[in-house]
Amino acid sequence: MSIFRFKQFNVNQSGCAMKVNTDGVLLGALAKGEAANMLDIGTGTGVIALMLAQRFPIAKIDAVELDTTASQTAESNFIDSPFANRLTLYPQSFQDYFTANVGLKYDLIVSNPPFYIQSLPSPGAGKAMAKHAGDSFFSELIQGCAGHLHESGSLWLILPTYTATLVKELAIIQQLYVQHIVYVLSYPHSVPHRQILKLGHQQTEIIEERLIIYNEPKVYSNDYQTVLKDFLTIF
């Protein structure tokens, strides 16, 4: 059994194509807003939803996951956590979930979505689903989130830089505006390889910042440690 131990909860990763990773924990630690109800799209192991539950003690968090094995694992992780009464798993696609809940609005929606577009699939069906998106995926994702976000709510995504460019263009079509960008860099002099985007219905001045993961190989930066010190047992 593959268990990733956090300070306040554990994540069983058994059978899940995508394990706990840096992208997920950064999004779980940085997404924020005045939020009573939240949605995690493509929850995988459930780690982001669990981190949000730890950070927001009164928030109710829904999570959707299409992959059968991952959804079962996430639900088990939710039940075994201290936050079980505030976490609900829906084993379906976000498209079906949104269709079944037309009038439902959220204060905060988060997703660490598949990010390879029009590329060769990864070996194995599970990993292919977890990492690759078809041409319409992001269009449907942004449109669905726009329709299920409160006027003052926010959508947080973590994406490779090339995918972030596409998503920003799709967001404008749905009248969602970039409000905050965190550029994620491996080292101080690296080119950003990820962008964490905050999108919302309100057009505001864009806040931009950088987050460096390592000062040098195997040496985590102070900022990275600060962001994750409440979660990772190594800090």
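Any read-out appearing in this document is the output of simple, stated calculations on the displayed coordinates, not a laboratory observation. Not measured: the values here are computed from a predicted model. Heads up, the Cβs are rebuilt from the backbone with ideal geometry, glycines too, and the neighbour counts pull from every protein chain shown.
Dipole magnitude for the chain: about 540 debye, using +1 per Lys or Arg Cβ and -1 per Asp or Glu Cβ, origin at the Cα centre.
Close amide-amide hydrogen proximity is noted between Tyr90 and Ala63, Val64, Glu65, each under 5 Å apart and 5 or more residues distant or on a separate chain (H modeled in the peptide plane; Pro and chain starts excluded).
Apply 1/(1 + (r/R0)^6) to the Cβ-Cβ distance of Asp80 and Gln202, taking R0 = 35 Å, and write down the FRET efficiency to the nearest 0.05. Efficiency for this residue pair is about 0.40.
For region 161-228, the list of GluC sites (Glu not before Pro) that fall in a loop by DSSP and count at most 11 other C-beta atoms within 10 angstrom reads Glu205.
Each other residue within a Cβ distance under 13 Å of Ala84 adds +1 if Lys or Arg and -1 if Asp or Glu, for a net charge of 0.
Measuring spread by the Cα atoms of region 18-111 yields a radius of gyration and Dmax of 12.1, 33 Å. The gain in end-to-end length when the Ile234 to Ser139 segment is fully stretched comes to 30.4 nm, 0.36 nm per residue minus the alpha carbon separation. Note: relative contact order over the chain, using C-alpha pairs below 8 Å and six or more positions apart, is 17 percent.
The Rg/Rh ratio for the chain, using Cα coordinates for both the radius of gyration and the Kirkwood hydrodynamic radius, is 0.93. Once the Cα-Cα distance is subtracted from the 0.36 nm per residue extended length, the Val219 to Lys105 segment shows a gain of 36.9 nm. Sorted fewest first by neighbouring Cβ atoms within 10 angstrom, Thr163, Thr22 come out as Thr22, Thr163. Per residue, the chain reaches -9000 deg cm²/dmol at 222 nm when only DSSP H runs of four or more residues are counted, each adding -39500 (n - 2.57). For q = 0.14, 0.29 Å⁻¹, what log10 I(q)/I(0) does region 194-235 give under the Debye formula with an equal point scatterer on each alpha carbon and no solvent? So the normalised log intensities are -0.48, -1.06. Taking each of Lys60/Lys229; Lys19/Lys168; Lys32/Lys60; Lys19/Lys198; Lys7/Lys198; Lys32/Lys105 in turn, the alpha-carbon distance tops 20 angstrom for Lys60/Lys229; Lys19/Lys168; Lys19/Lys198; Lys7/Lys198. Placing a pseudo-label 7 Å from each Cα along the Cα-to-Cβ vector at Asp96 and Leu166 gives an inter-label distance of 2.4 nm.
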